[in-house]
Amino acid sequence: MLLQLSAEEKNLTRATLAEALTEFLSDDSRPSYTMNFQQLDGYLRALAGGPIQQQPSDWMPLVFNDELPNYKSEEEEARITNVLICLYTWHREQVLNSQCDLTFAHVYSENKACRLDAEQWARGFLQGYIVLQDIWDQFLAEQQTSPKLAVILPMSLHDEIDAILAAVSCVADAEFALQSGTSMAEVGENFNRLPQIIIQYGRLGQLRVSEG
């Protein structure tokens with residue numbers, strides 16, 4: 001089900017959401033392995049672009065490694081829950097409009113610190129895909145022979161998803177990609193094309209939504 005933002009919530013900008021969540025997620029009170037903001041942002045983008053739309057109760061626990069977030073009060077719980085839902089809905093609107101606005105530079109650098117945000121975001125995205133992997137597998141099996149998709153896509157759905165995941169995985173761990181034989185030029189291309197790759201992922205998920 002697509003969540004609808006109120007007029008007040010629509011005034012919460014991406015920067016406002018990022019600021020509130022960065023501070024909350026990095027607090028020492030959070031459980032070990034709580035996602036940082038970039039991981040969360042990538043995670044929610046993968047969920048928002050998938051073949052089905054989950055309820056917050058389905059995806060929120062993993063943000064905190066399936067542990068209690070240790071809210072200080074009911075008011076804080078309500079505020080953070082609202083901010084998380086707003087960020088998810090923001091990504092959903094991006095998917096519907098074929099947009100992918102990132103908060104970091106998606107350019108490869110040999111300096112790991114300079115590409116850390118991109119790697120963290122991509123790792124979060126892959127976590128989101130894993131959550132929906134069974135849904136994606138079912139979708140691929142159902143739609144593989146669809147004449148409609150054969151016209152839209154230049155390759156099979158399996159190949160399309162594999163190419164997307166390979167590119168995101170390269171961004172998630174550029175050092176490993178280089179050690180595994182990926183050329184520097186290809187690694188750089190995957191970083192540069194990250195928004196287009198993510199938009200294509202959402203296009204595929206929307207095919208399922210529009211046909212469902």
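The values are calculated or read from the model by the stated rules, or taken from the named source; none is laboratory data. Everything quoted here is computed from the prediction, not taken from an experiment. Backbone-built Cβ (ideal geometry, glycine too); neighbour counts: all protein chains shown.
Overview of results
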quantity: Residue satisfying all of: in the stretch 66-79; in a loop (DSSP other than H, G, I, E, B) and among the acidic types (Asp, Glu); farthest from the chain's Cα centre (by Cα) among these; calculated: Glu67
quantity: Residue tally, condition part of a helix (DSSP H, G or I), of a type in the set (S, T, N, Q) and under 15 Å from Leu40 (Cα atoms), over the stretch 80-124; calculated: 4
quantity: Test result for Arg30, surrounded by fewer than 23 Cβ atoms within 10 Å (Cβ to Cβ) and of a type in the set (Lys, Arg); calculated: yes
quantity: From the options Ala15, Ala48, Ala78, residue that is touching a His at 6+ places or on another chain (Cβ under 7 Å) and either among the small types (Gly, Ala, Ser) or surrounded by fewer than 20 Cβ atoms within 10 Å (Cβ to Cβ) (or both); calculated: Ala48
quantity: Residue within the stretch 136-147 that is under 13 Å from the mean Cα position of the chain (by Cα) and modelled with pLDDT under 95 present; calculated: no
quantity: Meets criteria (among the aromatic types (Phe, Trp, Tyr) and surrounded by 16 or more Cβ atoms within 10 Å (Cβ to Cβ)) for Phe176; calculated: no
quantity: Pair list, Cβ < 6 Å and 6+ apart or interchain, from the stretch 130-143 residues that are touching a residue at least 60 places away in the same chain (Cβ under 8 Å) to residues that are surrounded by 15 or more Cβ atoms within 10 Å (Cβ to Cβ) and charged (D, E, K, R); calculated: Phe139/Arg208
quantity: Inter-residue pairs, beta-carbon under 6 Å, first at positive phi and in the stretch 55-75, second loosely packed, with under 14 Cβ neighbours inside 10 Å and among the aromatic types (Phe, Trp, Tyr), 6+ apart; calculated: Asn65/Tyr33
